[in-house]
There are 2 protein chains.
Amino acid sequence: MTIAKPIRSMIEAFERLPGIGPKTAQRLTYYLLHAPPEESEALAEASQSLKKDTVLCGICFNVAEADPCEICASADRRMDVIAVVEDPLDMLALEKARFDGRYHVLHGAISPLQNIGPDELKIRPLLSRVHTGDVKEIILATNPTMEGEATAMYIAKLLKPFVGLKITRLARGLPVGGDIEYADEVTLTRALEGRREY
Amino acid sequence: MTIAKPIRSMIEAFERLPGIGPKTAQRLTYYLLHAPPEESEALAEASQSLKKDTVLCGICFNVAEADPCEICASADRRMDVIAVVEDPLDMLALEKARFDGRYHVLHGAISPLQNIGPDELKIRPLLSRVHTGDVKEIILATNPTMEGEATAMYIAKLLKPFVGLKITRLARGLPVGGDIEYADEVTLTRALEGRREY
């Protein structure tokens, strides 16, 4: 095998990313070799600054440029609603859905199989936020998976003692654009349970 | 949308890679955020050095660390056989198949649809190699696609005047591990044509 070291390193760096196998890593590398130099430079700069120029927000644990993050520092957003999400990507999705409250990023979900217990997540800081702030509602926006449900249930139990605090969970039901014919029975059961007057 | 600039740049850099959509770019970026810093540093270094530390070999046009490349500079490889390939990845594949001759990388294939004519490929330097060297055989190892076949045919025509030069093409037939039942008819026709005595 006579493959130049810079090429080998690039292939290896790509291969370490999740979901990228050896063939894709090779293809991406040779793509960059043929692409204008700006492409690989953009990749180099971005991956260099990704960790260096970001911090965890000390309030919501979002990955941000500043601490507190833009959302926590903003005066334009509702103070009384916090959406609890598993990771920053979920936060992005809610932002796109025009959620106007604040967030709390757990950085994972309870998963005994992966050895992730409540102490590995940012649950404790959430409790202190509820303690000290004017929070009226906590939306448990963890994923509709086994782990997400377990995490929501665990947090809901911890939040129960707070009198007057509303604890909600995102509605489960048919995805927009979906087909009833192909819906799994659990989703359909939830959609029936959550049906609304027309 | 409140997404930190370093994160946005990383997502954008990933998105520009072929076959990586917005969702995958996001997933890769957040993976790097949670991964140890060595991962993003490895990616940064590799993409920085990829273009900077590689050159095109002036003989075979392989992407290499030095010019001439390791293979062209080697005394251990056959001088009389050149495999003509479309791009460096094909060269890698032949290396794994233990080809022991030399290479010539065309950097593409003739494709009128993509506006790639013979002049965009490294065909002329191949002719001068055949002119000056002791080449006895040219293996046209372009892909078994429309473009690859057209390129092979074009080069074969140019090489015809060289008396005594053997021009070959990689065998077409059933892939090892494949199933006759699922072979397309063109492949099967080629496999029949190319059948050998047992």
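The values are calculated or read from the model by the stated rules, or taken from the named source; none is laboratory data. Quick caveat: nothing in here was measured; it's all calculated off a predicted structure. Neighbour counts run over all protein chains shown; Cβ positions are idealised from the backbone, glycine included. Side chains included, ligands, DNA and RNA excluded: accessible areas come from the protein's heavy atoms. Shrake-Rupley method; radii C 1.70, N 1.55, O 1.52, S 1.80 Å.
Brief remarks follow.
- Among the residues of the range A:145-155, those identified as surrounded by 16 or more Cβ atoms within 10 Å (Cβ to Cβ) and hydrophobic (A, V, I, L, M, F, W, C) are A:150, A:152, A:155.
- Residue match in the range B:79-99 (condition: more than 22 Å from residue A:28 (Cα to Cα) and basic (Lys, Arg)): yes
- Take the conditions (1) at pLDDT 90 or above; (2) more than 7 Å from chain A (Cβ to nearest Cβ); (3) outside any loop (DSSP other than H, G, I, E, B); residue B:31 misses just one of them, which is (2).
- Checklist (1) touching a residue at least 24 places away in the same chain (Cβ under 8 Å); (2) surrounded by fewer than 18 Cβ atoms within 10 Å (Cβ to Cβ); (3) within 14 Å of another protein chain (Cβ to nearest Cβ) applied to residue A:67, failing item: (1)
- Residue list for the range A:28-41, filter: crowded, with 18+ Cβ neighbours inside 10 Å and under 19 Å from residue B:24 (Cα atoms): A:28, A:29, A:32, A:39, A:40
- Qualifying positions in the range B:133-168 - in contact (Cβ under 8 Å) with a residue 12 or more places away in the chain and among the acidic types (Asp, Glu): B:134, B:137, B:147
- Against the conditions (1) more than 12 Å from chain A (Cβ to nearest Cβ); (2) under 22 Å from residue A:7 (Cα atoms); (3) without any contact (Cβ under 8 Å) to a residue 24 or more places away in the chain, residue B:122 satisfies every one except (3).
- Taken over the range B:1-27, the criterion of being part of a helix (DSSP H, G or I) and open to solvent by less than 20 Å² (accessible area, probe 1.4 Å) is satisfied by B:6, B:7, B:10, B:11, B:13, B:14, B:25.
- Odd one out for residue B:79 among (1) farther than 25 Å from residue A:43 by Cα; (2) outside the structural domain of residue B:109 (by TED's automatic domain parsing): (2)
- Criterion (open to solvent by 40 Å² or more (accessible area, probe 1.4 Å) and either within 14 Å of the chain's Cα centre (by Cα) or at pLDDT below 90 (or both)) met by exactly one of A:132, A:142: A:132
- The residue that is nearest to the other protein chains (Cβ to nearest Cβ), among those in the range B:70-88 that are surrounded by 15 or more Cβ atoms within 10 Å (Cβ to Cβ) and of a type in the set (A, V, I, L, M, F, W, C), is B:71.
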